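Student: What follows is a single structure, and I will ask about it in a moment.
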Amino acid sequence: MDVVYFLKGRTNFIRFYYDQCVVPFAKIKHQIENHLPPFDDPPYSEDPEPPYLDKWMDADTGIHIAGLSCVLFEAVFRQPATSGHRLRLWQ
């Protein structure tokens, strides 16, 4: 079994997964930062915080959670795959 081939395939999938997960969150952040619809007409508020800050923070958190889920996936599944192969090699 070619471990390098397996790990590269797994890493490519994780990159694909992350890229697909981040798209809606990045789109929301982009729309807010560039005042695009539906975030182009903020409601009146005397609050000193920027409009839509809560939605921007939720989108940013979504990006971080997507990244952390990829790191967790790697930590849980990559290590046993390489360790098991090493054990079979030396037995």
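Student: Give me the pairs: first residue in the stretch 23-36 and closer than 14 Å to ASP54 by Cα, second residue aliphatic (A, V, I, L, M) and assigned to a helix (DSSP H, G or I), beta-carbon distance under 7 Å, and six or more apart or on different chains, which are they?
Tutor: Listed by first residue and then by second, the contacts come to PHE25/ALA59; PHE25/ILE63; ILE28/ALA59; LYS29/ALA59.
Student: For the list (1) in a helix (DSSP H, G or I); (2) of a type outside the set (Ser, Thr, Tyr); (3) farther than 13 Å from LYS55 by Cβ; (4) at pLDDT 95 or above, I need the number of the one condition that GLY9 fails.
Tutor: Of the numbered conditions (1) in a helix (DSSP H, G or I); (2) of a type outside the set (Ser, Thr, Tyr); (3) farther than 13 Å from LYS55 by Cβ; (4) at pLDDT 95 or above, the odd one out for GLY9 is (4).
Student: How about the stretch 2-33: which of its residues are among the β-branched types (Val, Ile, Thr) and loosely packed, with under 14 Cβ neighbours inside 10 Å?
Tutor: VAL3, VAL4, THR11, VAL23
Student: I'd like to verify a number: residues in the stretch 36-71 that are of a type in the set (A, V, I, L, M, F, W, C) and surrounded by fewer than 11 Cβ atoms within 10 Å (Cβ to Cβ), how many?
Tutor: Final tally of qualifying residues: 1.
Student: While we're on this one: Which pairs do you get when a residue that is over 15 Å from VAL22 (Cβ atoms), found in the stretch 48-72, comes within reach of a residue that is in a helix (DSSP H, G or I), reach meaning Cβ atoms under 8 angstrom, with the pair 6+ apart or on two chains?
Tutor: So the pair list comes out as PRO50/TRP56; TYR52/ILE32; LYS55/ILE28; LYS55/ILE32.
Student: Every residue in the stretch 12-41 that is more than 28 Å from ALA75 (Cα to Cα) and either among the hydrophobic types (A, V, I, L, M, F, W, C) or at pLDDT below 90 (or both), please.
Tutor: Residues satisfying the conditions are ILE28, ILE32, LEU36, PHE39.
A quick yes/no check of all residues on (1) more than 22 Å from the chain's Cα centre (by Cα); (2) hydrophobic (A, V, I, L, M, F, W, C); (3) part of a helix (DSSP H, G or I):
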position: TYR5; (1), (2), (3): yes, no, yes
position: TYR18; (1), (2), (3): no, no, yes
position: PRO24; (1), (2), (3): no, no, yes
position: LYS27; (1), (2), (3): no, no, yes
position: PRO48; (1), (2), (3): yes, no, no
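The values are calculated or read from the model by the stated rules, or taken from the named source; none is laboratory data. None of the values given here were measured: they were computed from a predicted structure. Here Cβ is always computed from backbone atoms with ideal geometry, including for glycine, and neighbour counts include all displayed protein chains.
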